[in-house]
Amino acid sequence: MGVLIAKFFAKVKFLALPLLKFLPVLLKSGGTMLLMIWVYTVQWGWKFAVGFVVLLLVHECGHLIVAKKFGLKVGAPVFIPFMGAFIALKEAPRNAWMEACVGIGGPMLGSLGAFACNTIGELTDISIFFALAWFGYFLNVFNLTPLGMLDGGRIVSAISRWLWIPGLAVLLWFGWKNPANFIIWLILIASLPRVISLFRTRTDAERQYYEVTPAQRWTMSILYFGLIAALFFGMQLAARDLNNYGVRSHGHGRDLIFQ
């Protein structure tokens, strides 16, 4: 009996140790996901809340996959209601090309997630998927705004840092149209140091960091601007499908959610 009990606890220990190792990750990612789903369920219902948070997870997994491909140490995705989600890089990218690749990984996979929702909606005629698709397209194209802490700000570091200035103008326009949205103003304030850095002399380390080959610059330009065009096209398709269900185009899917 003693031997059997010892073997049993040895097996339990063998299974429990890996679970305990990943417990902080489960609590941090899974816990914040559930919190966000609960918050959005109160606002928009559980169907949209679950779909929306899954789309955010897909987006963050895009960053995670590319970062891992470069061998960068990253933390688990963390979800913050009304602000979105993020993964923390435990070590900084070594150059602008690496930063841009990690930055564009999220919108690329996130766009595929939105397209999957659009496709499921077309195949099943379940209208909530069209609303999820529109919001997925919109959030990814917004994230591609070329400024500071947004993915677009990181991507254009391998194209031209001067694109941060039109990005600043775009975000100021968003802030003017939505003055109560504190997230936009927070992004603007956090992005100012990078914009200001354009007008001072770069150090040798900065010059080395932002060195990219012409091939890399052209590759990232095609991916970046092509993805923006594809997302705007996807938004138009999703809006058309929503109109077919009697949802106002200027409601952008919100009418359907509240129904």
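Straightening the chain between D125 and K73 buys 14.6 nm, computed as 0.36 nm per residue apart minus the Cα-Cα spacing.
If you take the square roots of the eigenvalues of the alpha-carbon gyration tensor of the stretch 130-199 and sort them as a ≥ b ≥ c, do you get rounded (a/c under 1.5), prolate (a/b over b/c) or oblate? Oblate is the answer for the stretch 130-199, as a/c is 1.5 or above yet b/c matches or exceeds a/b.
Each part reduced to its alpha carbon centroid, the stretch 153-226 and the stretch 91-141 end up 20 Å apart. Our estimate of slack between I65 and A230, defined as 0.36 nm per intervening residue step minus the Cα-Cα distance, is 57.2 nm. For the stretch 175-243, the square roots of the Cα gyration tensor eigenvalues, ordered a ≥ b ≥ c, give a/c of at least 1.5 with a/b no greater than b/c, which places it in the oblate category.
For the stretch 199-230, applying the loop criterion from DSSP together with a ceiling of 10 other beta carbons within 10 Å to the chymotrypsin sites (Phe, Trp or Tyr not before Pro) yields no site. Restricting the trypsin sites (Lys or Arg not before Pro) of the stretch 178-242 to loop positions (DSSP other than H, G, I, E, B) with no more than 11 neighbouring Cβ atoms within 10 Å leaves R200. The trypsin sites (Lys or Arg not before Pro) found in the stretch 92-183 that occupy coil by DSSP, while having at most 13 further C-beta atoms within 10 Å, are R94.
We did not get these values from a lab; they are worked out from the coordinates using the rules stated. Worth saying up front: this structure is predicted, and the values here are computed from it rather than measured. A quick note on method: Cβ atoms are made from the backbone with ideal geometry, for glycine too, and the neighbour counts reach across all protein chains shown.
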